[in-house]
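> Would you mind keeping the following structure in view while I ask a few things?
Readers should treat all values here as calculations from the given coordinates under stated rules, not as data from a laboratory. These numbers come from a predicted model, not from an experiment. With ideal geometry, Cβ positions are generated from the backbone for all residues, glycine too; neighbour counts draw on all protein chains shown.
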Amino acid sequence: MAYMDRSLEPVLRKAAGEFPAVILAGPRESGKTTLFRHLFRETHRYVSLEPPEMRAAAANDPRSFLESNQPPVMLDDVQHAPGLMPYIKERIDKCGGRTGQYLLTGYRDLLLSEKITESFGGRATLLRLMPLSYREITNTPQANFPWEKGARTGRHNFIFRDLWASFLKGGYPEIAVNPKLDVARWHASYVQTYLDRDLRSLRRIGDLTQFHMFLRALAARSAQLLNITDLARDLGLAVNTVKAWIYVLEATCQIFILRPLSRDVGKRLVKTPKVYFADVGTLCYLAGLKDAEHAMSGPMGAAIFETAVVGEIMRRLSGRGERPRLYFWRTAVGVEVDLIVETGGRLLPIEIRMSATPDRSMARNIVSFRKDLYGQVEKGFVIHPGDVTAPLAPDAVALPFADL
């Protein structure tokens with residue numbers, strides 16, 4: 001399969017020169033193994049823990065397993081052998097903490113974080129590789145955001161329908177490099193594989209049909225406030241069951257939770273988080289969408305576009321080796337800013353609108369937010385799917401998604 005440059009490449013190289021162990025987490029098929037082997041194939045052996053016999057060897061006799069697989073080494077799918085972590089630390093200590101000894105991959109982000117905290121004590125760093133960003137797909141992986149110095153905007157070939165077709169595909173590398181793939185069939189296979197192999201290894205799920213109904217119901221709520229009690233009631237499930245399933249989806253990087261910004265400004269603020277699917281193509285598949293026209297004109301259009309925008313920013317920040325500091329703002333009377341990016345100790349407000357014809361009214365919530373948090377907020381942006389860049393207010397600029 002053809003290789004696509006990833007924005008995380010310089011971060012990974014730097015991390016391997018600074019830490020004895022580097023752990024790369026992210027959803028299945030996001031390109032973790034491909035990226036590691038592309039960067040380190042000349043210097044590191046590759047060992048997969050996917051085969052049952054390798055898992056058994058690592059679990060039954062971890063010291064012998066590590067002795068047989070001397071560093072520098074890549075250990076793929078380490079979530080299958082979490083008991084290896086303290087023994088890897090033991091070997092790192094014995095070799096004087098030399099950098100770049102162990103490169104590990106796994107698809108359980110939160111669970112790996114817990115193991116690293118417990119086991120490595122500063123000897124490892126955790127990075128996250130998500131599906132491809134729009135910038136990576138268009139071969140500009142190191143591009144700056146529009147609000148950063150050196151950003152280049154207005155240099156894209158804009159075709160409205162192609163943008164929505166890209167949302168249907170999503171960002172998984174296999175789809176991006178193979179235009180002949182049946183997108184719907186690929187996503188169907190991915191979801192089924194994910195259900196069969198990953199979910200059952202984390203939680204006992206007796207009725208996969210019921211879980212699949214839960215996935216579709218959650219997809220219908222993407223970019224909305226996540227009321228777990230309502231979701232459980234609609235599906236006839238226990239609240240604790242829904243909480244457990246949401247935790248699993250978040251732990252395996254299938255969804256991410258956007259939490260409200262908390263500031264003491266004398267106003268009642270909504271405290272309920274919002275939920276987003278990490279890959280907009282997965283969202284479109286679960287929503288039953290198969291063509292661009294239906295996606296952009298149907299009832300899910302606004303949610304799909306918002307998921308694409310928030311996901312793009314999240315993936316770009318993750319690609320820099322950062323833990324994205326993303327929030328939203330919503331008062332009890334309904335004043336909402338869709339996305340707040342915390343950067344350099346300042347807050348950058350972003351509104352997300354479906355109309356390709358931006359007008360001044362789209363910036364009023366940004367103006368209100370800047371007034372409420374005077375002195376803490378940067379100029380804001382209204383992201384839309386068209387090709388117009390224009391000032392909407394002294395504090396806000398309309399910006400095409402393709403320029404993001």
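> What is segment 9-128's relative contact order, in percent, from Cα pairs under 8 angstrom and six or more apart in sequence?
43 percent
> Now a separate question. For Phe19, which sequence-distant residues (separation of 5 or more, or a different chain) have an amide H within less than 5 Å of its own amide H, given hydrogens modelled in the peptide plane?
Gly100
> Between Arg128 and residues 5 or more places away or on another chain, which pairs have amide H atoms under 5 Å apart, with H built 1.01 Å from N, and which residues are they?
Those qualifying (amide H under 5 Å, at least 5 residues apart or on another chain) are Ala25.
> Given only helices, namely DSSP H runs of n ≥ 4 each adding -39500 (n - 2.57), what is the per-residue ellipticity at 222 nm of the chain, to the nearest 500 deg cm²/dmol?
Helix-only estimate at 222 nm: -11000 deg cm²/dmol.
> Between Leu181 and Arg13, what is 0.36 nm times their sequence separation minus the Cα-Cα distance? Round to one decimal in nm.
Working it through step by step, the gained length comes to 57.3 nm.
> Now a separate question. Over segment 325-391, calculate the relative contact order: mean separation of alpha carbon pairs under 8 Å at least 6 apart, over the residue count, as a percent.
30 percent
> Can you give the Rg and Dmax of segment 235-374 based on its C-alpha atoms, in angstrom?
16.4, 46
> Using 1/(1 + (r/R0)^6) with R0 = 56 angstrom and r between the beta carbons of Tyr374 and Val191, what's the FRET efficiency to the nearest 0.05?
Here the calculated transfer efficiency is 0.75.
> Oh, and also: What is the fewest-to-most order of Glu351, Glu9 by other Cβ atoms lying within 10 Å of their Cβ?
Lowest count first: Glu9, Glu351.
> Between Asn240 and Asp291, with labels modelled 7 Å along Cα→Cβ, what's the label distance in nm to one decimal, could you check?
Rounded to a tenth, the inter-label distance reads 4.8 nm.
> In terms of modelled amide H atoms, which long-range or inter-chain residues lie less than 5 Å from the amide H of Tyr46?
Met74
> Which of these, Ser189, Ser68, Ser166, has the largest mean-square fluctuation under a Gaussian network model of the chain (Cα springs below 10 Å)?
Looking only at Ser189, Ser68, Ser166, the biggest GNM fluctuation is shown by Ser68.
> In segment 134-403, what percentage of the DSSP-assigned beta bridges are antiparallel, given to the nearest 5?
Around 65 percent of the beta bridges assigned by DSSP in segment 134-403 are antiparallel ones.
> Here's a follow-up. Quickly work out the Arg152-to-Gln210 label distance, labels modelled 7 Å from Cα along the C-beta direction, and quote it in nm with one decimal.
About 5.4 nm, to one decimal.
> Can you run phi through the Karplus equation (6.51, -1.76, 1.60; θ = phi - 60°) for segment 34-46 and list ³J(HN,Hα) in whole Hz, with x for Gly and Pro?
These are the phi-based 3J(HN,Hα) values: 4, 5, 4, 5, 5, 7, 10, 5, 7, 10, 10, 6, 10 Hz.
> Looking at (1) 21.9, 67; (2) 31.1, 98; (3) 29.7, 110, which value of Rg and Dmax of the Cα atoms in Å comes from a calculation on the structure shown?
Among (1) 21.9, 67; (2) 31.1, 98; (3) 29.7, 110, the one calculated here is (1).
> Each residue of segment 165-177 in turn: what ³J(HN,Hα) in whole Hz from Karplus with 6.51, -1.76, 1.60 and θ = phi - 60°, glycine and Pro shown as x?
With coefficients 6.51, -1.76 and 1.60, one gets 5, 5, 5, 4, 6, x, x, 5, x, 4, 6, 5, 8 Hz.
> Where in segment 119-144 is the amide nitrogen less than 14 Å from a point lying 7 Å along the Cα-to-Cβ axis of Cys95?
124
> Here's something else I'd like to know. Cut-off is 10 Å between beta-carbons; in what order do Trp186, Trp329, Trp164 appear when sorted fewest neighbours first?
Ascending number of Cβ neighbours within 10 Å: Trp186, Trp164, Trp329.
> What do you get for Rg/Rh of segment 241-314 when both radii come from the Cα atoms and Rh is the Kirkwood radius?
1.05
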